[in-house]
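Structure, as structure tokens:
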Amino acid sequence: MSINLNRFNRVNRKKIFNRIERTKKSAIPQAPKRPPLLHPQFDISALTEIFLSKLSASSSTYQSVDCLSLVPQLVLQYAEKYNTNKTLVTNLDPFLNSDEPPWDWPNALSLSTPPATGNEAIGLSYASTAIAETGSLVLSASKQNPTTVNFLTDHHIIILNEQDIVPNIESMWKRLSLSAGNMPRAINIITGPSRTADIEQTIQLGAHGPRSLHLLLLTQPSPY
Amino acid sequence: MKPGKPTSPETQSNPPIHSETSSNQALFFKAKSSEALLDDTLQQALKKAQGGFIEKRSQAIADVENFDSYKQQAQLVKNHTLDHLAYYLTQFEENVTKNGGHVHWASTPEQLNNIILHICERRDAKSVTKGKSMISEEANLNAALEAAGIDVTETDLGEYIIQLAKEPPSHIIVPAIHKTRQQVEALFRETHDLGERDLDNIAALVDEARLQLRQKFLDADVGITGANMLIADTGSAMVVTNEGNGDLTATLPKVHIVTASIEKVVPDLESASAILRVLARSATGQPITSYTSLFSGPSGIEDLDGPDEFHVILLDNQRSQMLGSPFEDMLKCIKCGACLNHCPVYSAVGGHAYGWVYPGPMGSVLTPLMTGLKQSSDLPNASTFCGRCEEVCPMGIPLPELLRQLRNKEHEDHLTSWKTRFSLKGFMWGIQHPRVFHWITKTLRMILANSVLTRLLEKHVLTSWYSSKELPKNYSKGTFMEQYQQDSKQKKSKQKKS
Amino acid sequence: MKSVPNTPQSTTPKVALFVTCLVNQFRPNVGFAAITLLEHAGCDVIVPKAQTCCGQPGYNNGLRNAAIETAKSTIKLLEPYDYVVLPSGSCTGMLSKHYPALLSDDIAWKRRADSLSSKTWELCQFLVECLDSTLPTHSNLEGKTISYQDSCSCKRELNNTSAPRQLINQLCNGSNLVELKDPESCCGFGGTFSVKYPDISERLVSDKTQDITATGADILVSADLGCLINIAGYTSRAEPVPFEVRHIAEILANNLETPSMTSGSKK
């Protein structure tokens, strides 16, 4: 059957390309040169400020942290604030240097490793970069950062290093330095919690994904 | 197609799938629009929606320094891509393959359905979740899946609501815009077996949908999403949502299928950024949606979640015919819905009157091009040419001009009534002959000055005008030209006398 | 904005008035009001006898070839003058935007269409942006509230929204110009649209009328007779008629003897 599908694709592909090439628009065999594009510019010295104001506008919250070892306590505080059950899914430990002391998880939190199953209340992830222009956090799918953590939990906490904030969408792609064959399976540009306005155009948070999004902004590189 | 029977996409003997949603009902625009105007619930829903969208968009545009420059960049990208479409499609295909995914090609919507059925059957899929995909609406994919015995669930809240109601979408980004919360409540009570509960507020409705759909996401064998853009340079599909349903659809099942049309390809991520910048602002008035995701293949060895198969199906459906034609500009459409939200006609009658997948100004161009002008001859005429659609279109598509071109085609192909053709031809001949024209205008003025003759005109010729309006009264003793010539004569004779 | 053609400023500009077929048929006083305004502004006004209609009904309904013929004869008729002025946004748009597009395949005709386009003006825009002359004011509308409806062509094709407002404020002493809540939306005329889809048109004009009524305006004015015929045609049936409907040229030129357009025969 797969042979059939291959042949089918070949035949159809040819038909479609014949129709496209009939316009004589696509005859050039070598790579066309895309016209240069303008990017909106932002004040580099105020990136954090711009980023945080856009982030807040997207109904997200944030707090600054100067030391990664504080993360477990802050996660617990967040769970208490939302009065949710204290189940957490994360795989972040490999991000810490091997000679660091392990995170000291409070007993009140019940910890599990990904993938998320939909039963965990809180997810903890790490954003490799963030965009000041839109207040977005950018998460690449990886062993440390599996995508289910971003979407199956009720509350999503994301750690970001302040130095990783870039001015605009284009600089974010550049920072990720992506190329075909080496792509993360998924890249999620996340701007606020899940939302819908599908019933009477009334915005409601927590449609399918997280109901809240909280940023832990690491203001200094790990002191260890 | 019978459930369980293996299908090959090459089987051309399958009867074309037609049902309420995909078959073109645009022939009935006139009747349906009149019904819509009398539907109080619909009118209530439309009134609520329109103002909100317009305000949010204009705020989002005011918030940035130079939206026109954003538009220019986005248009540069699309123009360039359409000029080199074959190149970028080839590059996209190569790179998807490099990432471990598969690209399939469908000329027609039926072929798209057959490819999907083929993949589903190979993986023995029993249930499918779907993110919002207008391409699958073009193909009426849900009916094809159901006919094959596969359980299919729309996961975008709006799409889910209309799936329960067994209705087609009435807006391209807000499919259930025509439903009030009371209607949604009634629908949920009827279909969800959850006993006594409070559903009298929107939060409760959204929560109930979340609960119902969560299990569907987790159980699905195959996830099907659309794509807002395809990135040639990285072999990725970009999906933009606010709910996160697209991401759950793309992540939880073992197979992720992307359905997209060929003009969705862009050269690279920098190009995609230019379009992203105008997309959400034009659509919902957001700078960017909650989730903008890039899917680039099946999960790798290291990944702890994600599908093990990744397919992209590229649909043509008349688009390659639009390329290089007077309608090529329509291929720049990014499906933001701004033209719908700002259209006086759409706002008055809603989306269902348009009879097919795409309503409003963009739909009035696309429906005739994709399903035939004869079957949708009302649509190009259902515009006052107020020009607001073109003004708000981030891609600068000259929608009124495209509608005018379709009207030209209708006239050339004799799709208009003989009465219309006769009177228009007569009028246009008359204005080429000033003497005749002025004689007729004089006569008409005299007819209109006579109440008996006016009543005849009212009853037999201008019935539709008189259904709600009066004709203006000419208070002068003649047409302007008559009066002016009389005045000049008088002036001249006075000059002579003096 | 378009460039002003080089005409000797010392002589009086020869201005051809294209009254439009609707003014000719239904509201001749608009044409005379336009002449008054133009003469006050120091123009030598000529009304070419052979003028008929700009061709929009055919152009917008599929008769492209017939519209091309109309464009050519209208260009021939009007090109000898320094300026062409019309008391209508949509007909001005037809001459200045759509004629060049219609004739774009024929180099010689395209040039003539472009040349006509560069000297074609909507009346208000001409008085303000091209002539910048001082016109006589009047106090006949003192204490009256006036609302101006932007026609879609004035607004979107000609980018002409400030000139009419400026003129009302300058010339109608003691009047009060009020804005609609939704000035962007179409009144529902759309030429043949109003006849093809009368019930949609009715809905749109009913919304527009509500908006106008809510401003408390005594008089509604616009620069397009099409919109005015539509709005007046609908409001004429209201009891009582909520406001007067007039072309802007009438109130600017103090040409107020002709009754309001809403005073037509009532059902």
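The values are calculated or read from the model by the stated rules, or taken from the named source; none is laboratory data. As the structure is a prediction and not an experimental result, all values here were calculated from the model. Cβ placement follows ideal geometry from the backbone for every residue including glycine, while neighbour counts extend to all protein chains displayed.
Observations on the structure shown:
- Inspection of the range C:156-178 identifies at least one residue that is farther than 24 Å from residue C:242 by Cα and among the hydroxyl-bearing types (Ser, Thr, Tyr).
- Here residue B:168 meets the list (1) at pLDDT 95 or above; (2) crowded, with 17+ Cβ neighbours inside 10 Å; (3) more than 10 Å from chain A (Cβ to nearest Cβ) almost entirely, failing just condition (1).
- Residues that are surrounded by fewer than 20 Cβ atoms within 10 Å (Cβ to Cβ) and among the small types (Gly, Ala, Ser) were ranked within the range B:50-90; the one that is modelled with the lowest pLDDT is B:51.
- Filter pass, residue B:468 being of a type in the set (Gly, Ala, Ser), at the interface with chain C (Cβ under 8 Å from one of its Cβ atoms) and without any contact (Cβ under 8 Å) to a residue 24 or more places away in the chain: yes
- Any hit, the range B:491-498, residues being within 48 Å of the chain's Cα centre (by Cα), at pLDDT below 90 and surrounded by fewer than 12 Cβ atoms within 10 Å (Cβ to Cβ): no
- Hits in the range B:100-142 (condition: closer than 18 Å to residue B:253 by Cα and of a type in the set (S, T, N, Q)): B:127, B:129, B:133, B:142
- Inter-residue pairs, beta-carbon under 7 Å, first in contact (Cβ under 8 Å) with a residue 12 or more places away in the chain and in the range C:103-125, second surrounded by fewer than 24 Cβ atoms within 10 Å (Cβ to Cβ) and among the aromatic types (Phe, Trp, Tyr), 6+ apart: C:103/C:109; C:119/C:83; C:121/C:83
- The range B:435-447: number of residues that are surrounded by fewer than 18 Cβ atoms within 10 Å (Cβ to Cβ) and either in contact (Cβ under 8 Å) with a residue 12 or more places away in the chain or outside the structural domain of residue B:479 (by TED's automatic domain parsing) (or both): 1
- Of the helices (runs of 4 or more DSSP H) entirely within the range B:418-476, those holding at least 3 residues that are modelled with pLDDT of 95 or more, farther than 20 Å from residue C:231 by Cβ and of a type outside the set (Ser, Thr, Tyr) occupy B:418-431, B:434-449.
- Considering the range B:211-230, the residues that are surrounded by fewer than 20 Cβ atoms within 10 Å (Cβ to Cβ) and of a type in the set (D, E, K, R) include one that is nearest to the other protein chains (Cβ to nearest Cβ), namely B:214.
- Of all the numbered requirements in (1) in a helix (DSSP H, G or I); (2) more than 10 Å from chain C (Cβ to nearest Cβ); (3) among the aliphatic types (A, V, I, L, M); (4) crowded, with 20+ Cβ neighbours inside 10 Å, residue B:397 misses one, and that requirement is (1).
- Hits in the range C:211-241 (condition: away from every other protein chain (no Cβ under 12 Å) and at pLDDT below 95): C:239, C:240
- Matching residues, the range C:145-165, being closer than 16 Å to residue C:220 by Cα and of a type in the set (Ser, Thr, Tyr): C:145, C:147, C:148, C:151, C:161
- Condition broken by residue B:52, with the remaining ones in (1) more than 8 Å from chain A (Cβ to nearest Cβ); (2) free of Cβ contacts under 8 Å to residues at least 12 places away in the same chain; (3) closer than 30 Å to residue B:353 by Cβ satisfied: (1)
- Against the list (1) in contact with a Ser or Thr (Cβ under 7 Å, 6 or more places away or on another chain); (2) buried (at least 21 other Cβ atoms within 10 Å of the Cβ), the condition residue C:218 fails is (2).
- With respect to (1) in contact with a Pro (Cβ under 8 Å, 6 or more places away or on another chain); (2) facing chain B (nearest Cβ under 9 Å); (3) closer than 26 Å to residue B:173 by Cβ, the lone exception for residue A:212 is condition (2).
- Some residue of the range C:47-61 being β-branched (Val, Ile, Thr) and either within 10 Å of another protein chain (Cβ to nearest Cβ) or within 15 Å of the chain's Cα centre (by Cα) (or both): yes
- Index of the failed condition, residue A:174 passing every other in (1) facing chain B (nearest Cβ under 7 Å); (2) under 20 Å from residue B:288 (Cα atoms); (3) of a type outside the set (A, V, I, L, M, F, W, C): (1)
- Across the range C:132-160, the number of residues qualifying as surrounded by 15 or more Cβ atoms within 10 Å (Cβ to Cβ) and either outside the structural domain of residue C:221 (by TED's automatic domain parsing) or not in a helix (DSSP H, G or I) (or both) comes to 13.
- Residues satisfying the stated conditions in the range A:25-75, i.e. of a type in the set (Ser, Thr, Tyr) and within 12 Å of chain B (Cβ to nearest Cβ): A:26, A:53, A:58, A:59, A:60
- Check on residue B:384, touching a residue at least 24 places away in the same chain (Cβ under 8 Å), closer than 20 Å to residue C:52 by Cβ and either facing another protein chain (nearest Cβ under 8 Å) or buried (at least 17 other Cβ atoms within 10 Å of the Cβ) (or both): no
- Strands (runs of 3 or more DSSP E) enclosed by the range C:42-126 - at least 1 residues per element that are surrounded by fewer than 18 Cβ atoms within 10 Å (Cβ to Cβ): C:44-46
- The range C:152-205, residues that are hydroxyl-bearing (Ser, Thr, Tyr) and either at the interface with chain B (Cβ under 8 Å from one of its Cβ atoms) or out of contact with any strand residue (DSSP E or B) (no Cβ under 8 Å at 6 or more places or on another chain) (or both): C:153, C:161, C:162, C:185, C:192, C:194, C:197, C:201
- Residue in the range B:292-314 that is part of a strand (DSSP E or B), at the interface with chain A (Cβ under 10 Å from one of its Cβ atoms) and among the small types (Gly, Ala, Ser) present: yes
- Residues that are surrounded by fewer than 24 Cβ atoms within 10 Å (Cβ to Cβ) and either in a loop (DSSP other than H, G, I, E, B) or within 13 Å of chain B (Cβ to nearest Cβ) (or both) within the range A:136-161 comprise A:140, A:142, A:143, A:144, A:148, A:154, listed in sequence order.
- Residue within the range B:191-199 that is buried (at least 24 other Cβ atoms within 10 Å of the Cβ) and within 12 Å of chain A (Cβ to nearest Cβ) present: no
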